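Taken together, the values in this text are just the output of simple stated rules run on the coordinates, not laboratory data. Everything numeric here is computed off the predicted structure, so don't read it as measured data. Neighbour counts run over all protein chains shown; Cβ positions are idealised from the backbone, glycine included.
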Amino acid sequence: MTTGILTCLNRVSWGFVFLICLISHGNSGQRQKWANLEGNCFKCGRTTHFPQDLFCANFSWSVESFPTCKRSWCASCYTSFPELKIHKRQDPRGLQPNSKTDAKWRAKKAKIDDYEVARPGDILLCPFQCDLCVFRRLRQGEPNKSSYLDNLLLKYIRRANLDAFWSRATGTVMKECGNVKRNIEDLKSLGLSGPHYDPGPSPLDDSCGYEAAISLLVDSQRKGNYADDHKHWQSVHKLRSTISSFERVAFGMSRYALVADDNSATQRFQSGGTSSLWFNKFTKGIGERMGSEVRKDLGVSAIVFNRFLKRI
């Protein structure tokens, strides 16, 4: 009798779990292949396709009580906001963007839209959630179009996503996009659409570390040692270490460790936004965009050095 009751309760519990999964994962309840998806660009309205265009990881999914996400973009339509002033490193060769001078560097010269626009294939190498879905996870609500703070937060989210995209070189991204296109075309003859499933839905919390990324973006706009309108990357990176150190303490993971008995080396687990794949790509991308600025001390002439020695 007791066994039968426990079995019945177990089945009822699994039934509730199944219903919760259906509710939280949207109407379909299963992952779809991205090659079969079609959307409309949120900016220009053009039909979007995988893999050259951008699809939110939560595309066609509804999470909790939020409406189903249907946002996608043409890669060229997903751009930064010019009113959000951010620092972009200067070309170390001294060339101006899109200049035609110095022909021997022409193939490697800087482009004016570097770090400002997405590229076809970016979602193949970097996790991507649209601005709205990230806003929902940070604020647990919908943005107010007439709110200055809400619009400003959406601009910072866009900037963070672009920095994460630009962690990889344009040539690498374009080559990856071409490979996936060819793979999809080859499998069409067999009635298949490619092994590319949508990665969603993402958790409702900030598991990727967007709030930490926005903290770095805001800090980078402060007055620095060498400029009044921005800090250099070495100073901003210290804030990342501060947040990461707190996560190791706050998430209670310090009791778990991997220990090598031979040399007594210890590696500890970490659970937090700064340890996510997306955040690692963001820090690499923002470092590439800002560049490193090192100013060495000037050399001391022989005359000054001799006078210094005489005074000792």
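Observations on the structure shown:
- As a proxy for reagent exposure, PHE50, PHE282, PHE305 were ordered by neighbouring Cβ count within 10 angstrom, fewest first; the result is PHE305, PHE50, PHE282.
- Distance from the range 173-251 to the range 44-72 (C-alpha centre basis), Å: 18 Å
- Ranked list, fewest to most other Cβ atoms within 10 Å of each Cβ, for ASP297, ASP150: ASP297, ASP150
- In a DSSP loop and with at most 13 other Cβ atoms within 10 Å, the trypsin sites (Lys or Arg not before Pro) in the range 107-157 are LYS111, LYS145.
- Pairs from the list LYS85/LYS175; LYS231/LYS281; LYS111/LYS281; LYS88/LYS155; LYS70/LYS231; LYS111/LYS238 with a Cα-Cα gap above 26 Å: LYS85/LYS175; LYS70/LYS231; LYS111/LYS238.
- Maximal additional length on extending the ASN144-LYS33 stretch stands at 36.7 nm, based on 0.36 nm per residue less the C-alpha distance.
- With the simple spin-label model, which puts each label point 7 Å out from Cα in the Cβ direction, the SER235 to LEU309 separation comes to 3.8 nm.
- Using 0.36 nm per residue and subtracting the Cα-Cα separation, the extra length available between ASN280 and ALA169 on full extension is 38.4 nm.
- When each of CYS74, CYS44, CYS133 is scored by the number of other beta-carbon atoms lying within 10 Å, the sequence from fewest to most is CYS44, CYS74, CYS133.
- Extended-chain gain in nm, criterion 0.36 nm per residue less alpha-carbon gap, ASP186 and SER271: 26.6 nm
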